[in-house]
Amino acid sequence: MDGRRAGTVSSLRSYDGAVRLRLYHHPDGARVAYRELGAGPGLALLHSGLLSHKEWEPVVEHLADRFRVVLPDLPLHGDSEDRPRHPYTLDWFAEVLGGFAAEVLGPKPLLAGHDAGAEILLHAALNGHCRPARMVLMPNRLHAPPTYPGKRMAWQLATQAAAVPGLDRLLSHAARAVFTPERGLGLSARSNLAATDLFRHAFADVPGNSSLARSWAKCARSWPRGAQTHLLEQYPRLDMPVLLLWADQDRLHPLATAEEALKALPRGQLRVLQSTGFLMAYDDPVGLARELAAFCG
């Protein structure tokens, strides 16, 4: 990677007896915690913003017989890097993903991302940080503006306020009060009660974590806002097979955006999972695994 020392991977401990928990160390010191299960080609699943690797737990058992399923916690999430020493720009996330993919997945990585994870993956592929052999983009904003721009702007402004001394700890407590387990239930089209545990786990260690709050403030300042219309001109550069795997009941990411992107992808495919919302893995884990295996296998 540009002449720098390659990242390193270290094993931490056994997790639940079968899922292995490991760390990837990026050259700049950032740590990415990830779990893996199964044998075969490495398939990494990148979770949504504010959640963790647990977003994919329902689907792992349906994939591990064909793939080495790799579940990273993105920086600022789960057990991964949260110190405010890093820039937390989209390009930085993409660079870290590139190092992670090269070290953990090898020269022909299979990568799938959802929401913020998909944005990072798309940016990494377009800017040369990694070159997936096959890429799956699940619901994300792509080139379109946010569906609820007012709410997104309010979140970004509130998060940026954590950079003010004294507000970091206060806002870390407010985050869990806002992102309650019931919100997870609302993101499941089938009202899967397990989604409440997903949100409970994602925000369990947030209250009182002023370091994490300051890091999120940096990320909120730099994360792209508004429509990313320049992507429409860049999609044709993605000459690898690309699957747009969409939910039909995701209010945040309309299907029409994926249909528009499909026209510009040289080797693109579009598949829609019926009766699924934002949390596709909780609404239809078997169907999601089937589509991933069919495309990546």
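Among the residues of segment 241-253, are any out of contact with any Gly (no Cβ under 9 Å at 6 or more places or on another chain) and among the acidic types (D, E)? No, segment 241-253 has no match at all. Residues of segment 233-254 that are closer than 10 Å to L265 by Cβ and surrounded by 20 or more Cβ atoms within 10 Å (Cβ to Cβ): Y235, L238, V242, L243, L244. Taken as a whole, the structure places A261 among residues that are part of a helix (DSSP H, G or I) and either within 21 Å of A116 (Cα to Cα) or of a type in the set (V, I, T) (or both).
Among the residues of segment 67-109, the ones that are over 20 Å from S222 (Cα atoms), assigned to a loop (DSSP other than H, G, I, E, B) and either among the basic types (K, R) or free of Cβ contacts under 8 Å to residues at least 40 places away in the same chain (or both) come to 2 in all. Every residue in segment 16-29 that is out of contact with any helix residue (DSSP H, G or I) (no Cβ under 6 Å at 6 or more places or on another chain) and outside any strand (DSSP E or B), please. Correct list: D16, G17, A18, P27, D28, G29. Identify all residues within segment 115-168 that are buried (at least 22 other Cβ atoms within 10 Å of the Cβ), at pLDDT below 85 and not hydrophobic (A, V, I, L, M, F, W, C); write none if there are none. Answer for segment 115-168, where residues must be buried (at least 22 other Cβ atoms within 10 Å of the Cβ), at pLDDT below 85 and not hydrophobic (A, V, I, L, M, F, W, C): just D168. Scanning segment 38-57 for residues that are hydrophobic (A, V, I, L, M, F, W, C) and part of a loop (DSSP other than H, G, I, E, B) gives A39, L50, L51.
In this structure, L111 does not qualify as closer than 19 Å to Q228 by Cα, buried (at least 23 other Cβ atoms within 10 Å of the Cβ), modelled with pLDDT of 95 or more and under 13 Å from the mean Cα position of the chain (by Cα).
Exactly one residue out of D28, D16 is on the phi > 0 side of the Ramachandran plot, of a type outside the set (G, A, S) and either at pLDDT below 95 or out of contact with any Cys (no Cβ under 8 Å at 6 or more places or on another chain) (or both): that is D16.
Just name the residue that is nearest to A195 (Cα to Cα) out of those in segment 243-297 that are without any contact (Cβ under 8 Å) to a residue 60 or more places away in the chain and polar (S, T, N, Q). Among those residues, the one meeting the criterion is Q274. Pairing each residue of segment 200-212 that is under 15 Å from R85 (Cβ atoms) with any residue that is modelled with pLDDT of 90 or more and among the basic types (K, R), provided the two are 6+ apart or on different chains, yields C-beta distances under 7 Å for S211/R83. Filtered by the rule that a residue be modelled with pLDDT under 95, in contact with a helix residue (DSSP H, G or I) (Cβ under 8 Å, 6 or more places away or on another chain) and over 30 Å from D283 (Cα atoms), segment 213-260 gives A213, R214, A217, K218, R221, S222. For A112, the test of being without any contact (Cβ under 8 Å) to a residue 60 or more places away in the chain, in contact with a helix residue (DSSP H, G or I) (Cβ under 8 Å, 6 or more places away or on another chain) and not charged (D, E, K, R) is failed.
The values are calculated or read from the model by the stated rules, or taken from the named source; none is laboratory data. None of the values given here were measured: they were computed from a predicted structure. With ideal geometry, Cβ positions are generated from the backbone for all residues, glycine too; neighbour counts draw on all protein chains shown.
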